[in-house]
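Below: the structure, in structure tokens.
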Ligand code: 4AD
């Protein structure tokens, strides 16, 4: 029976079998040193006088049998004195060596996904999905899905991906589940999802993908304050979960654990107007993504809710807070900037009609959405969180492309 490397490392004196891939290979004085990698970790295996071991190339797949010996000098504190080795798949010369450009590594992404760095990030990413599900399940939410093919723009027409659907009306890939989610709260009340969203983003930044994973929540009877509280609890829960499950991976990635350990609610808040003063801007100015990161840094690298944006800067469905601003909040996190965008929604028919006119939307395109306001509408709020941006923050990654196995941007669709 094969055991994981992490278990083998703790099996001092025992004869065990492991299998995986040759992460490193070197020959010295007739002995072959193979660092074997499986999904759990790395372990050094030493073969003396083995012709088979001498044939091993980097990334060959192997089955190894041997005796575990504790050795503080070995990676992981133990190594294997190999007695048997079987090459399952002999690898050709592996194209990835040290010091290759980011661009090249993206071209060979199908092989680069084996790297320690990406493996660590993907393990944390996996924990994030688990954590989100645990968080909501414990709070009585239902996980529910909305369609990917849609005729409605949720977040403005400029980033829509149109698809050939063979219908007279235009069909797009969903930017968000929100509009359909608003129909589902009348029966399920508290709902969430994790699904892909699509944005034809023209901007080339460190945090924009054209296909990303979107966690969204929508809650009946929840107001703006309730929404901010839910977001705080979620972010703290996910950070704690990852700290517990992935301390080893976080450390290997060089993440500042104190930043995650020190998270406390309530998060700082700043209105759009206060942000203008802080950043020396004037009414109507937007905040760029680099400026968001600068602001978070300036205020001590702690999470910040930016709230009460001018209505015309945000989406049509947001409930006005006063004549000029809406009950919207972006949650900014260090090294990334906006990770969550949320709002209280308009919940009256006449307000929605007014908003659609103001935003120049064709009511015919949103007939079913407008209908929702006619049958027992209630106050409700919700938000969307970019999974990759959250993973960027958790792992301290410099680029969003590192947080998803096969990134899609306007420039890259392969591999
Ligand atoms: O702020 P956004 O556009 O909000 C919505 O889509 C709302 N309908 C969500 C809701 O209220 N249910 O997007 C939400 C989040 C952003 O804060 C960001 O983290 C992420 O989605 N996001 C992207 N992530 C990666 N690449 C992109 N191009 C992204 N666009 C948005």
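Couple of notes before you dig in:
- What the pair-distance distribution of the stretch 143-255 shows, using all Cα-Cα distances binned every 10 Å from zero, is 12, 31, 33, 19, 4, 0 percent.
- Our summary gives the stretch 188-243 a relative contact order of 35 percent, counting only alpha carbon pairs under 8 angstrom and 6 or more residues apart.
- Each Cα pair under 8 Å and six or more residues apart adds its sequence gap; the mean of these over the residue count of the stretch 227-343 is a relative contact order of 22 percent.
- Computed log₁₀ I(q)/I(0) - Debye formula, equal Cα scatterers, no solvent, the stretch 1-61, q 0.16 Å⁻¹: -0.49
- Residues 102, 51, ranked from the fewest to the most other C-beta atoms within 10 Å, line up as 51, 102.
- MRE, 222 nm, helices only [DSSP H, n ≥ 4, -39500 (n - 2.57), over the chain, to nearest 500]: -8500 deg cm²/dmol
- Ellipsoid fit via the Cα gyration tensor, the stretch 107-204: semi-axes of 28, 25, 10 Å, each the root of five times an eigenvalue, largest first.
- Relative to the longest principal axis of the Cα atoms of the chain, helix 289-298 runs at roughly 80 degrees.
- Computed over Cα pairs, the Kirkwood radius of the stretch 162-201 leads via Stokes-Einstein (0.890 mPa s, 25 °C) to a diffusion coefficient of 203 µm² per second.
- Cα gyration tensor shape for the stretch 374-415, rounded if a/c is under 1.5, else prolate or oblate: oblate
- Span from the the stretch 83-107 Cα centroid across to the the stretch 332-386 one, whole angstrom: 49
- Likely footprinting exposure, 112, 368, 393, fewest C-beta neighbours within 10 Å first: 368, 112, 393
- Part-to-part distance (alpha-carbon centres) for the stretch 228-256 and the stretch 267-284, which is given in Å: 28
- Once you reduce the stretch 16-55 and the stretch 193-208 to the center of their Cα atoms, the two points are 41 Å from each other.
- For the stretch 290-415, alpha-carbon Rg relative to the globular expectation (2.2 N^0.38 Å, N residues): 1.29
- For the chain, average projected area of the Cα convex hull in nm²: 24.1
- Computed over the chain: relative contact order in percent, which uses C-alpha pairs under 8 Å that are six or more apart: 14
- Debye log10 I(q)/I(0) at q = 0.22, 0.24 Å⁻¹ for the stretch 232-341, Cα point scatterers: -1.20, -1.35
- On Cα atoms only, tilt of 178-188 relative to the major axis of the chain in degrees: 90
- The stretch 32-174 - convex hull of the alpha-carbon atoms, volume per residue in Å³: 228
- Helix 349-358 vs. the chain, principal-axis angle (Cα, 0 to 90°, nearest 10): 80
- The convex hull defined by the C-alpha atoms of the stretch 57-125 has an orientation-averaged projected area of 6.5 nm².
No value in this document is a laboratory result; all are computed from the given coordinates. Keep in mind the model is a prediction, meaning the values are calculated, not measured. When we count neighbours, we look across all protein chains shown, and the Cβ atoms used for this are built from the backbone with ideal geometry, even at glycine.
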